[in-house]
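Below: one structure, written as structure tokens.
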Amino acid sequence: MSDRLADVPTRPDQPFRLNGRAAWVVGAGRPLGHAIANALAEAGADVALTGLGTDQAERFQVASAANQVWSAGRRNLALELDPSDPENLDACVQQIDAEWGRLDILVNAQDLVFAMPFEETGRAEWDTTIAVNLTSVALSCQAAGKLMARDGFGRIINVVSAPGVRGVANMVAYAAAKGGVVALTRALSQEWGAQGIAVNAVHAGFYEDQAGIGDNAQYVEELRSALLPGALVKSQDIAALVVMLAADSGFISGQTIAVDGAASQRT
Amino acid sequence: MSVLDDFRLDDQVAIVTGAGRGLGRAMALAFADAGAHVVCAARTVAQIDETAALVEQRGRRALSVPTDAADADAFNALAATTMETFGRIDILLNNAGNYATRNTVPLGDLNDDEWQIDMDVNLTSKMYGARAVVPHMAAAGRGSIINLASIYAFAGRKDWYTYFAAKAAVVNFTRSLALSYTDVNIRANAIAPGPFPVSHFADQASVFNPKLAVPRFGQPWEMGPLAVFLASDASAGVNGETIIIDGGGLAGGVTPPTWRPRIALPGGAA
């Protein structure tokens, strides 16, 4: 890397508009990924979408999210993904490049919640939790980063959650994966910053339609009343922060930004 | 209804301290671009008048109110004048700060009066501002307060005490403020900018670390979208947070980003 300073971007007239940008949302078959894909499309981006598996239900949900992108007047591309196969992620990026010739924004919205006392956590559960929440994030960053480096522009946003930044009992495997994403985000910001790629994480509070949390009335009640102020946020609130980071000029990088209603700010 | 509507500030009223120049002016104009009317506060009348004129050029209303950020009464008058003129205060951008009367001062040479004025301007001014606007925001059941911290809240530097201590305190003041008014829908967040050379930082080259992951300085306009995000409903779920905008400096910093080791696994393990 030379000592030459990077070019300074020009000030956009509409700072949150993403028109002409191509985005890829991984985990678009779940409510959070769906909300993010929708928000990116509303802000003007074309959106490619992948779920976390290739079963019928997942494909239906991804198709539904893709349809909403279309309804927002943007191009969509529903891609099938088996997250255990790294070549599949490369193939996704190649298909996006073939269709649109660019990939500007990657959002990793994978979120597979797993909670169990650690002494009861089996090796297979550990492996699956790490594979979906951490390894697939690393692989999609690697696949997308090649294309972004080629074009000298990229915005990568990885969604993490409270257990990735603060201790939460019974979530050791999930926490290790999410904490791994926080560290991966910081490291990638250093490695790719000079190539025009900004890498950030969104620390989402527990959210209302989070599988395993938001659909459990007891946990919802406990989180709302007993545990933390504002601990339950909406997918739309998380999506708005993703839009801000996707549209940013690139000087915000390496950060993990909380959208958790101050839940992590108190003693 | 689009997500972009959440980023609008149409018809809202923002008070911006330190609005006469640099980052404060840039953020004041970003508020105006997003639809807000702007009350421009600072000591130097000619500068806030100029910012106010730029706000009006964008089709919004503006008011310039000469204000000393170290003066509690001045903040109360600022809030009162804003309420008289506009009838509402939606946003307070507590931007005023002085960087420091003198930069590097060994501990034994710290001057009590300088320490106090630097604390007043960089830290206490945030309390004065919040205390003045919170009753009006609480009555309206909504409000967003944004405090200017700094990357110097999260790292130290030899012989440089006051500014660093004040900015770190701003981060934690913001947390307590955020937790105190959730019931009346007032949010408080902070922005911690890194290297943004502006005209009054004459010694920028010696002060700023250019070895950033994003190898350039920030431009004042780049603060605008972040300030608008925190001021607007787009950040409804963000509270008590300090957002760092520093080209990835604090995310790294132990090694320069240009240091690229290659260390294979032992014995060619894979």
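The values are calculated or read from the model by the stated rules, or taken from the named source; none is laboratory data. The structure presented is a predicted model; accordingly, all values stated were derived computationally and were not measured. Cβ sites come from the backbone with ideal geometry, for glycine too, and all protein chains shown count toward neighbours.
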Give the residue that is nearest to B:ALA192 (Cα to Cα), with candidates limited to residues of region A:236-265 that are more than 8 Å from chain B (Cβ to nearest Cβ) and hydrophobic (A, V, I, L, M, F, W, C). A:LEU245
Select, from B:GLY35, B:GLY59, the only residue that is in contact with an Asp or Glu (Cβ under 9 Å, 6 or more places away or on another chain), on the phi > 0 side of the Ramachandran plot and not hydrophobic (A, V, I, L, M, F, W, C). B:GLY35
Checked against (1) in a loop (DSSP other than H, G, I, E, B); (2) out of contact with any Pro (no Cβ under 9 Å at 6 or more places or on another chain); (3) within 14 Å of chain B (Cβ to nearest Cβ), A:THR54 satisfies every condition except (3)
Failed item in (1) at pLDDT below 95; (2) more than 14 Å from chain A (Cβ to nearest Cβ), with B:MET1 passing the rest: (2)
Filter result for the condition that a residue is free of Cβ contacts under 8 Å to residues at least 24 places away in the same chain and either facing chain B (nearest Cβ under 9 Å) or of a type outside the set (Asp, Glu) (or both), over A:VAL220, A:VAL233, A:VAL202: A:VAL220
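Restricting attention to strands (runs of 3 or more DSSP E) lying wholly within region B:53-152, give those where 1 or more residues are within 18 Å of the chain's Cα centre (by Cα). Give the steps one after another, and end with the answer.
Details: elements: B:62-66, B:91-94, B:143-148.
It comes to B:91-94, B:143-148.
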Of the residues in region A:86-112, those that are under 25 Å from A:SER235 (Cβ atoms) and either of a type in the set (Asp, Glu) or surrounded by fewer than 18 Cβ atoms within 10 Å (Cβ to Cβ) (or both) number 2
Taking the conditions exactly as written (charged (D, E, K, R) and either touching a residue at least 60 places away in the same chain (Cβ under 8 Å) or within 26 Å of A:PHE16 (Cβ to Cβ) (or both)), does A:GLU99 satisfy them or not? yes
When B:GLY18 is run through (1) touching a residue at least 40 places away in the same chain (Cβ under 8 Å); (2) within 14 Å of chain A (Cβ to nearest Cβ); (3) under 17 Å from B:ILE145 (Cα atoms), the failure sits at (2)
Number of positions in region B:212-256 that are buried (at least 24 other Cβ atoms within 10 Å of the Cβ) and more than 17 Å from the chain's Cα centre (by Cα): 8
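Any idea how many residues of region B:1-17 are surrounded by 19 or more Cβ atoms within 10 Å (Cβ to Cβ) and either in a helix (DSSP H, G or I) or in contact with a Lys or Arg (Cβ under 7 Å, 6 or more places away or on another chain) (or both)?
Taking region B:1-17 as the starting set, the residues that turn out to be surrounded by 19 or more Cβ atoms within 10 Å (Cβ to Cβ) are B:3-4, B:6-7, B:9, B:12-17.
With either in a helix (DSSP H, G or I) or in contact with a Lys or Arg (Cβ under 7 Å, 6 or more places away or on another chain) (or both) added as a condition, the list becomes B:3-4, B:6, B:13.
Matching residues across region B:1-17 total 4.
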